[in-house]
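The values are calculated or read from the model by the stated rules, or taken from the named source; none is laboratory data. In this text, all values refer to a predicted model and were calculated from it rather than measured experimentally. We place every Cβ from the backbone using ideal geometry, glycine too, and count neighbours over all the protein chains shown. Surface areas here come from the heavy atoms of the whole protein model, side chains and all, with no ligands, DNA or RNA. Shrake-Rupley method; radii C 1.70, N 1.55, O 1.52, S 1.80 Å.
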Amino acid sequence: MPRAFRFLIPQKLKYRLFAAFVFLILLPFCALNLYNYQRIELLVQQKISQQSHYQLEQMYRTLEEQISVAFKTLIFLQQDSTVKTVLSHPEQRNPLENKRMIESIFNNLNNSFFLYNPSVYFTLLDLNESVYTSYSPRAVLDYRSLRDNPGFARDSMNGGSYRWVPNDENYVLRDISTSPYLLSVYAYLEDAQKTPYGLARISIDYSSWFQSAQKQSALQQAYFLVTSAGDTISRSAQDSRLSHSVLSRISDRPEQKYFIDKPSNSLINYIYVESLDWYIVNRIPLSVLFIEIEDLKRQYFLTFFLLMGVFLVMTFLISATITRPLSHLQNKMKAVVQKNLKIRLPEHKFSGEILDLTRTFNTMLDDTNELIRRLKAEERQKEAVHFQMLLAQTNPHFLLNTLNTIKWISIRHRNEEITNITLSLGKLLEASLNTDKDLIHLQDEMELVQAYVHIQQVRYRDKFEVTYDYEDTVRYALVPKLSLQPLVENAIIHGLSPRPGSGRIQIRVYQETPDQLTVEIADNGVGMEKAQAAKGARRRPGIGLGNIRERLRLLFKEKGAMEICSSDQGATVRLSFPLLLSPPYAHEPWNQAQGHS
């Protein structure tokens, strides 16, 4: 660092804390306030817009609920057997009875679905010039004019049995509803063979819904219901209007949600109703927002200057409280280093966080001294264990050398059986003496199993056979060393030896998942229960299985598992652990095959 800058940096901690507060907190905070002062109007506008948009979403959901209930009502009418009977066979009853039954169904629907919104009207037509309505028109309805309504045009339903008409002209309910348009669903009522037996028209007075869905607001908001063509079909106030430019901008950018309309000095929020191709629009005058903005500005800066003064005072108090104990603590720590951790800091002189820091430092010194003592004791123990391991390896090496001597004697006497047995046993001993590796290739583990099986087949005079089933792609998978030999040994001794006749052991290795390898050793022996009964108090799993289960836990943690299944037809031991492929570099064909798999 240049010397010119060193003079600008205070050396005392108290002044450093004050400078850090000014340059890292106070100045950035002032800059942030200036930035917020310029953007506060926009932030308030966004907040009000979000609140208004939430109200629009509430209105949108209520409209969707009305549409959903109307569609459910249509399905109910189509599935109702009474409606089907009346419309299909009106001659079975007199007209008054038919009318009474249909009106009863309409009343049940109003009570069930439209309890809080009665502005829903049902109209049913059969194919025999009969009309049934949920309302009471002042004039007699003409069946032919209802039947010829364009909403019932079959070609406009796109192959279906119903269609929605968002701007359905209110020519039937003018004496009941003042809305010029209705939201209606026209449908054909069909049986299971798709044969029509009647027509249905369910209309929703959305103007009445629109007025009831609006909530009172202190922001003098105005609501509009606008079509995609720019026609205003409903408004919260009769004298409210939306300009042509506002309607054009809404239809051009349906995903924008809100914008500022400068000619009217208003905030425009809107939401698109996709199912009807409508827009629900909300307009808020900006003059209302500015009143709240000024109040927020005054509160904001008053709080800022008050907090700044409090921070300045607290900075000097904290720096004076911390620096003196820290200086004393620093001198004691230097003494600790000079006296090789043989000193403790006095705890009675401090309080608060400094006391906690002192106690923590003393505890750290005690733990460090204890750790040094343990490391020295463990080092002496490791040396003793290493000596015992070197001593314990003497006998196995002597046994291996003795086997080699027996092997050469059998070779000179041309005794192939003894030669093969000593070779197999020597391979097993060499594997047990090699403690450098915990995981070996599957094919090497299989060779050890074959060596052990060869010895046992000589002993039991080929009383059993062993089959090996695994793909060539997993022969270089890493498996725990000498993990299969104890399982095969248990299968031979406890499963097959008590069994009369010949036996069979199957060793199967496969990928259960792309990253999981499974090894199964299955035999057709007497099973674990009979083996346990034959051996008395000794259980079949024995030490070997417990050893394997513990090795799987140490090597693979929770990803390694061993499962044992037993029955009268034999036992199966299943090992499962992660698939780890480690092909030798020299095996180029196998590597290329792996690359194309």
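Open to solvent by 60 Å² or more (accessible area, probe 1.4 Å), under 16 Å from residue 467 (Cα atoms) and outside any helix (DSSP H, G or I): does that describe residue 511? So residue 511 does not fit the description; no. Take the residues in the range 102-119 that are at pLDDT 80 or above and touching a strand residue (DSSP E or B) at 6+ places or on another chain (Cβ under 6 Å), then tell me which one is surrounded by the most Cβ atoms within 10 Å (Cβ to Cβ). Checking each candidate, the answer is 102. Of the residues 268, 322, 372, which is at pLDDT 80 or above and over 30 Å from residue 51 (Cα atoms)? It is 372.
The set of residues in the range 16-38 that are at pLDDT 75 or above and under 30 Å from residue 222 (Cα atoms) is empty. Say we look at the range 229-242 and pick out the residues that are open to solvent by less than 50 Å² (accessible area, probe 1.4 Å) and assigned to a loop (DSSP other than H, G, I, E, B); which of these is modelled with the highest pLDDT? Among those that are open to solvent by less than 50 Å² (accessible area, probe 1.4 Å) and assigned to a loop (DSSP other than H, G, I, E, B), it is 242. Can you find a residue in the range 537-560 that is closer than 21 Å to residue 504 by Cα and at pLDDT 90 or above? Within the range 537-560 (the criterion being closer than 21 Å to residue 504 by Cα and at pLDDT 90 or above), the answer is no, since none of the residues qualifies.
Starting from residues that are over 42 Å from the mean Cα position of the chain (by Cα) and open to solvent by 80 Å² or more (accessible area, probe 1.4 Å), keep the ones in the range 18-33 and report whichever is nearest to residue 318 (Cα to Cα). That would be 23. The C-beta contact set for the range 475-493 (first residue closer than 15 Å to residue 455 by Cβ, second residue assigned to a loop (DSSP other than H, G, I, E, B) and open to solvent by 20 Å² or more (accessible area, probe 1.4 Å), distance under 9 angstrom, 6+ apart or interchain) comprises 492/463. Of the residues making up the range 288-311, just one is surrounded by 13 or more Cβ atoms within 10 Å (Cβ to Cβ), of a type in the set (A, V, I, L, M) and modelled with pLDDT of 75 or more, namely 308. Residues in the range 146-171 that are farther than 30 Å from residue 226 by Cβ and in a helix (DSSP H, G or I): 147, 154.
Does residue 496 satisfy the condition of being open to solvent by 30 Å² or more (accessible area, probe 1.4 Å) and closer than 19 Å to residue 564 by Cβ? So that I can check it myself, show each step before the final result.
Details: open to solvent by 30 Å² or more (accessible area, probe 1.4 Å): no; closer than 19 Å to residue 564 by Cβ: yes.
Here the answer is no, as residue 496 does not meet what is asked.
Scanning the range 561-594 for residues that are at pLDDT below 85, open to solvent by 30 Å² or more (accessible area, probe 1.4 Å) and under 18 Å from residue 476 (Cβ atoms) yields 584, 585, 586, 587, 588, 589, 591, 592, 593, 594. Would the range 443-452 turn up any residue that is open to solvent by 10 Å² or more (accessible area, probe 1.4 Å), closer than 16 Å to residue 572 by Cβ, modelled with pLDDT of 85 or more and not hydrophobic (A, V, I, L, M, F, W, C)? There is no residue in the range 443-452 that is open to solvent by 10 Å² or more (accessible area, probe 1.4 Å), closer than 16 Å to residue 572 by Cβ, modelled with pLDDT of 85 or more and not hydrophobic (A, V, I, L, M, F, W, C).
When every residue of the range 348-364 is checked against the conditions, at least one turns out to be at pLDDT 75 or above, open to solvent by less than 60 Å² (accessible area, probe 1.4 Å) and β-branched (Val, Ile, Thr). Residue 206 meets each of the listed conditions (1) at pLDDT below 80; (2) closer than 17 Å to residue 276 by Cβ; (3) more than 43 Å from the chain's Cα centre (by Cα) apart from (3). Is there a residue being in a strand (DSSP E or B), modelled with pLDDT of 80 or more and open to solvent by 40 Å² or more (accessible area, probe 1.4 Å) anywhere in the range 188-198? Checking the range 188-198: at least one residue is in a strand (DSSP E or B), modelled with pLDDT of 80 or more and open to solvent by 40 Å² or more (accessible area, probe 1.4 Å). If the condition is being of a type outside the set (Ser, Thr, Tyr) and closer than 15 Å to residue 423 by Cβ, then the range 439-479 contributes 447, 448, 449, 450, 451, 453, 454, 455, 456, 457, 458.
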